[in-house]
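Student: Provided herewith is a single structure, encoded as structure tokens, for subsequent inquiry.
The values are calculated or read from the model by the stated rules, or taken from the named source; none is laboratory data. Remember, it's a predicted structure, so these values are computed and weren't measured experimentally. Here the Cβ is made from the backbone with ideal geometry for all residues, glycine too, and neighbour counts use every protein chain on show.
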Amino acid sequence: MPSETPCVDCGELSDKRSERCMPCEYKRRQERTCQVIEDSVRCAGAHKSNNMCGKHYQRFRKHGSPLTNVRDAHRAFVRRAAWMDTDECVIPP
Ligand SMILES: [Zn+2]
Ligand SMILES: [Zn+2]
């Protein structure tokens, strides 16, 4: 006999093994948004990949971090510069 567990969103009992009932699961998937918190504000962008919206995912791919505040950008720059094998000037962001 399957045990019924209340949905964490609406409290409706369901015999589904997940923590949410079907409608809530579906709704949640539809409402899935970017998980990035920037300047203590949660990004409202539509989810694209890796729990990030398109914008943040691009940044993540490019900089290794979805955040581009100055400190992070600088850290990423230093990390990148350390790996560069060049005699040319490296321009910080
Ligand atoms: Zn529910
Ligand atoms: Zn985002």
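Student: Going by what's in this entry, would Tyr26 be described as within 16 Å of ligand 2 (Cβ to nearest atom), without any contact (Cβ under 8 Å) to a residue 12 or more places away in the chain and either surrounded by 11 or more Cβ atoms within 10 Å (Cβ to Cβ) or in a loop (DSSP other than H, G, I, E, B) (or both)? Working first, answer last.
Tutor: Values: within 16 Å of ligand 2 (Cβ to nearest atom): no; without any contact (Cβ under 8 Å) to a residue 12 or more places away in the chain: yes; either surrounded by 11 or more Cβ atoms within 10 Å (Cβ to Cβ) or in a loop (DSSP other than H, G, I, E, B) (or both): yes.
Spelling it out, it is not the case that Tyr26 is within 16 Å of ligand 2 (Cβ to nearest atom), without any contact (Cβ under 8 Å) to a residue 12 or more places away in the chain and either surrounded by 11 or more Cβ atoms within 10 Å (Cβ to Cβ) or in a loop (DSSP other than H, G, I, E, B) (or both).
Student: Which of the residues that make up region 14-56 are farther than 28 Å from Ser3 by Cβ and polar (S, T, N, Q)? Reasoning before the result, please.
Tutor: Looking only at region 14-56, we keep the residues that are farther than 28 Å from Ser3 by Cβ, and these are 33-56.
The answer is Thr33, Gln35, Ser40, Ser49, Asn50, Asn51.
Student: Then there is this: Would you mind stating whether Ser49 is at positive phi and assigned by TED's automatic domain parsing to the domain that holds Arg61?
Tutor: no
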